[in-house]
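Values in this text are rule-based calculations from the coordinates and carry no lab data. These numbers come from a predicted model, not from an experiment. Neighbour counts run over all protein chains shown; Cβ positions are idealised from the backbone, glycine included.
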Amino acid sequence: SSKPRREQRTHAARSWLRRDGRFGKEEHYEWFKDFSHFRHLLAPLLSPSLSVLEVGCGNSRLGEELLREGVTGGVTCIDLSPVAVQRMRDRLAEQGTSGVDVVVADMLDLPFESESFDLVIEKGTMDVLFVDSGDPWNPNPTTVDNVTKMLEGIHKVLKPGGKFVSITFGQPHFRRRFFEAPEFTWSVEWNTFGDGFHYFFYILQKGKRSPESNSHQVTLPAVPSFNMLHEELESEDYIFRTNVDEL
Ligand SMILES: C[S@@+](CC[C@H](N)C(=O)[O-])C[C@H]1O[C@@H](n2cnc3c(N)ncnc32)[C@H](O)[C@@H]1O
């Protein structure tokens, strides 16, 4: 059974959420697929004038990749961890990259005006809210509250027509109920990428919700490969691929 491993992973996740140890050590760290794996999906959404917010940047290269793609409208990266933020600032300074603003901030209480950004992006950050969420079909109330808060904040800081991109292993049957909550005006679509294990690339566009998506709540078609995907999820160490000792 995978139980001991799961307990170990949960323990690791808790330590990780409590402390900043992970961020002190590596040059940069991608929690999963890096830019090259989803560039084909992200590049078509970019244009020079965009102002972009990355939520939960850790010490990832995504922000600077946006500059490299020609985004000049401003790239702001936030993380709750001051250690991660300092680490990323130092790394950017060392390599001489300017133009990425790295800020300590809580995605559950975003310190930005309404309608500030054309694009908000997160990679593996919403996933953190699902750690210890219990039954994925019926996540515990804390998870539901926090995910809702995160999405409300992102929806608010997006300009009309702005897009939220969520890059995650979270499958549509677990994410759509949050994305498609009645209070949001965005359309919801997604792509997958990666081989073997599927990652999801969701695109939500503010103000573009189609009328029928208001009515279809929860009658989702069965996903034939669900059990297999779930198995893979169990075997993928993923966020918790790290050793407890490393933390
Ligand atoms: C799984 S990591 C992903 C990091 C990065 N996006 C990447 O792909 O490598 C999740 C990140 O979210 C940050 N985080 C967790 N809760 C947060 C919150 N409430 N507000 C902002 N960042 C948060 C963590 O500090 C961590 O850096």
* region 88-136, residues that are farther than 26 Å from residue 39 by Cα and either free of Cβ contacts under 8 Å to residues at least 24 places away in the same chain or of a type in the set (Val, Ile, Thr) (or both) -> 104, 111, 131, 133, 134, 135
* Can you name the residue in region 150-185 that is among the β-branched types (Val, Ile, Thr) and not in a strand (DSSP E or B) and is also surrounded by the fewest Cβ atoms within 10 Å (Cβ to Cβ) among such residues? -> 185
* **Boolean, residue 120 is of a type in the set (A, V, I, L, M, F, W, C), more than 9 Å from the ligand (Cβ to nearest atom), part of a strand (DSSP E or B) and surrounded by fewer than 17 Cβ atoms within 10 Å (Cβ to Cβ)** => no
